[in-house]
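Report on the following structure.
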Amino acid sequence: MPGVHRISLEVNGVAHELQVGSTETLAELLRQRLSLTGTKIGCDGGTCGACAVLVDGVLRNSCLTLAALVDGAKITTIEGLADGEKLHPLQQSFVENGAIQCGFCTPGMVLSAVALLAESPAASESEIREAISGNICRCTGYVKIIKAIKQVAQAQEKP
Ligand code: FES
Ligand code: FES
């Protein structure tokens with residue numbers, strides 16, 4: 001059928017085979033087809049970072065990523081970070097530092113931080129600021145978010 005692509009992908013460790021439309025985005029696929037609504041759609045245009053996910057470990061705005069182009073990829077969404085009831089250290093730190101208010105930016109923010117600390121485990125404050133520069137938060141003023149990420153980076157710095 002024209003305009004339909006068959007893809008296989010792994011999302012949070014679970015394999016899926018799906019038929020996707022030519023214009024269907026990864027954000028739509030995750031939210032509407034797989035019910036992974038932790039990934040948020042804010043601007044739907046690549047400027048707010050609410051839809052950020054990891055595609056083969058690389059941070060991507062899923063609203064700008066065509067589902068047909070992630071054939072064979074491994075995707076990590078916010079739902080894939082916790083280990084059962086145990087939150088990922090960054091999620092835990094966001095909670096403990098009060099870095100979440102309405103929560104709309106939080107999944108993308110946390111995934112940006114995950115991508116940063118995978119590259120640079122003991123990231124500096126300026127690296128943290130740079131890493132979340134594509135994530136817009138309308139509530140917190142960023143201070144507590146930066147503190148939350150910094151706390152995890154500093155913990156990783158210790159031998
Ligand atoms: S919803 Fe994707 S960047 Fe804003
Ligand atoms: S906590 Fe509301 S947008 Fe960031």
Subset of segment 41-61 [over 9 Å from the mean Cα position of the chain (by Cα) and under 20 Å from Leu116 (Cα atoms)]: Gly46, Thr47, Cys48, Val55, Asp56, Gly57, Val58
Filter segment 105-159 for residues that are touching a Lys or Arg at 6+ places or on another chain (Cβ under 9 Å), within 17 Å of Ala52 (Cβ to Cβ) and in a loop (DSSP other than H, G, I, E, B); which is farthest from ligand 1 (Cβ to nearest atom)? Ala123
Test: residue in segment 23-38 that is within 14 Å of ligand 1 (Cβ to nearest atom) and of a type in the set (Gly, Ala, Ser): yes
Those residues that are more than 16 Å from ligand 2 (Cβ to nearest atom) and under 16 Å from Gly134 (Cα atoms), I need them from segment 33-60; list them, please. Gly45, Gly46, Val53, Leu54, Val58, Leu59, Arg60
Would a scan of segment 103-126 turn up a residue that is aromatic (Phe, Trp, Tyr) and in contact (Cβ under 8 Å) with a residue 40 or more places away in the chain? yes
Taking Met109 as meeting all but one of (1) surrounded by fewer than 16 Cβ atoms within 10 Å (Cβ to Cβ); (2) within 16 Å of ligand 2 (Cβ to nearest atom), write down the number of the exception. (1)
For residues that are of a type in the set (Asp, Glu) and either in a strand (DSSP E or B) or free of Cβ contacts under 8 Å to residues at least 24 places away in the same chain (or both), tally how many sit in segment 1-38. 2
Go through the residues of segment 7-24 one by one and say whether even a single one is of a type in the set (Gly, Ala, Ser), touching a Cys at 6+ places or on another chain (Cβ under 9 Å) and surrounded by fewer than 20 Cβ atoms within 10 Å (Cβ to Cβ). no
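Let's see how each residue does on (1) within 14 Å of ligand 1 (Cβ to nearest atom); (2) in contact with a strand residue (DSSP E or B) (Cβ under 8 Å, 6 or more places away or on another chain); (3) hydrophobic (A, V, I, L, M, F, W, C):
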{"site": "Leu18", "(1), (2), (3)": "no, yes, yes"}
{"site": "Cys48", "(1), (2), (3)": "yes, no, yes"}
{"site": "Ala52", "(1), (2), (3)": "yes, yes, yes"}
{"site": "Cys63", "(1), (2), (3)": "yes, yes, yes"}
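Values in this text are rule-based calculations from the coordinates and carry no lab data. Fair warning: this is a prediction, and the values are worked out from it, not measured in the lab. Positions of Cβ are backbone-derived with ideal geometry, glycine not excepted, and every protein chain shown enters the neighbour counts.
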